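Colleague: A single structure is presented below for examination.
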Amino acid sequence: MGWIPQERDIFPSLTVKENLTVIARPGPWTLERVYRLFPRLDERSGNMGNQLSGGEQQMLAIGRALMLNPKLLLLDEPFEGLAPNLVAELEHAIGLMMAEGIAMLLVEQHVEAALRLSENAVVLERGRVTHAGPSAGLMQDRALLESLIAIPTDRA
């Protein structure tokens, strides 16, 4: 299992390469493969973790989790605080990982991005399930979606 916490929790005093290799386990996800998924990390491989932008730190956090070669990824608000172009880039990368068969549990407040990425959606309110069903159906039923969420949907 790989966990990408909301706070990212990268090692600020290690380089990008060290952040990725410090916890690496054998398997299909290698340093080179993470660099192919996130070319920016390859370009910044010698930079310290605290020298990266927020989006680059999020890529690093995801890459580090992949280096564990997990069967399941837990992503806690991976798009928080990121510019729309970075959200789109990360959304694409997450889609590629899912296409390769990595199961994911995604907690996200960017509702439409989460619905585009997921097969099924569960809406919680104060720890109680208020909706569970196919993401595509919820995306198509705008009235239901807006009744379930207290935050505005993004208009991507």
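The values are calculated or read from the model by the stated rules, or taken from the named source; none is laboratory data. Computed from a predicted structure; not experimentally measured. Neighbour counts run over all protein chains shown; Cβ positions are idealised from the backbone, glycine included.
Colleague: Scanning for something of a type outside the set (A, V, I, L, M) and more than 14 Å from the chain's Cα centre (by Cα), does segment 92-102 turn up at least one residue?
Modeller: Scanning segment 92-102, I find at least one residue that is of a type outside the set (A, V, I, L, M) and more than 14 Å from the chain's Cα centre (by Cα), so the answer is yes.
Colleague: A follow-up question, please. Within segment 38-156, which strands (runs of 3 or more DSSP E) (wholly inside it) include 1 or more residues that are small (G, A, S) and out of contact with any Pro (no Cβ under 8 Å at 6 or more places or on another chain)?
Modeller: 103-107, 128-134
Colleague: Being more than 26 Å from P12 (Cα to Cα), modelled with pLDDT under 90 and over 20 Å from the mean Cα position of the chain (by Cα) is the requirement here; does E112 meet it?
Modeller: no
Colleague: Which one of these is out of contact with any Asp or Glu (no Cβ under 7 Å at 6 or more places or on another chain), surrounded by 15 or more Cβ atoms within 10 Å (Cβ to Cβ) and more than 19 Å from A88 (Cβ to Cβ): M48, M59?
Modeller: Result: M48 is the single residue among M48, M59 that is out of contact with any Asp or Glu (no Cβ under 7 Å at 6 or more places or on another chain), surrounded by 15 or more Cβ atoms within 10 Å (Cβ to Cβ) and more than 19 Å from A88 (Cβ to Cβ).
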